[in-house]
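Step one of this worksheet: look at the structure below.
Each reported figure results from applying straightforward, stated rules to the coordinates on display, with no laboratory input. Model, not experiment: these values are computed from the prediction. Backbone-built Cβ (ideal geometry, glycine too); neighbour counts: all protein chains shown.
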Amino acid sequence: MTLQNRVTPFGEIVANRARGQFMGNRGGRLHTEDKQLTGRRWVSRRWICCVTEFRGWWREVMGNGYTELFFL
């Protein structure tokens, strides 16, 4: 299943298998238990950006906690 968690250069959140170099979120959990986005698209208007690899750390995408979004 392709998750709707990719952000285009125009700010649209789409379902796409491509991976970007950066991951980010807009402060909060924006998805349901079945990994679908809710109608709410942000908690904050600011983006929090991170690299996709760091010291071998790993987390489940759209698991507990915030919604990971990947920049295309």
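Observations on the structure shown:
- Selected residue (criterion: surrounded by the fewest Cβ atoms within 10 Å (Cβ to Cβ)) from residues of segment 1-15 that are free of Cβ contacts under 8 Å to residues at least 60 places away in the same chain, of a type in the set (A, V, I, L, M) and under 16 Å from Phe71 (Cβ atoms): Ala15
- Test: residue in segment 9-19 that is in a loop (DSSP other than H, G, I, E, B), β-branched (Val, Ile, Thr) and in contact with a Leu (Cβ under 7 Å, 6 or more places away or on another chain): no
- Test: residue in segment 41-50 that is over 11 Å from the mean Cα position of the chain (by Cα) and among the β-branched types (Val, Ile, Thr): yes
- Hits in segment 16-61 (condition: of a type in the set (A, V, I, L, M), surrounded by fewer than 12 Cβ atoms within 10 Å (Cβ to Cβ) and either touching a residue at least 40 places away in the same chain (Cβ under 8 Å) or within 18 Å of Met1 (Cα to Cα) (or both)): Ala18
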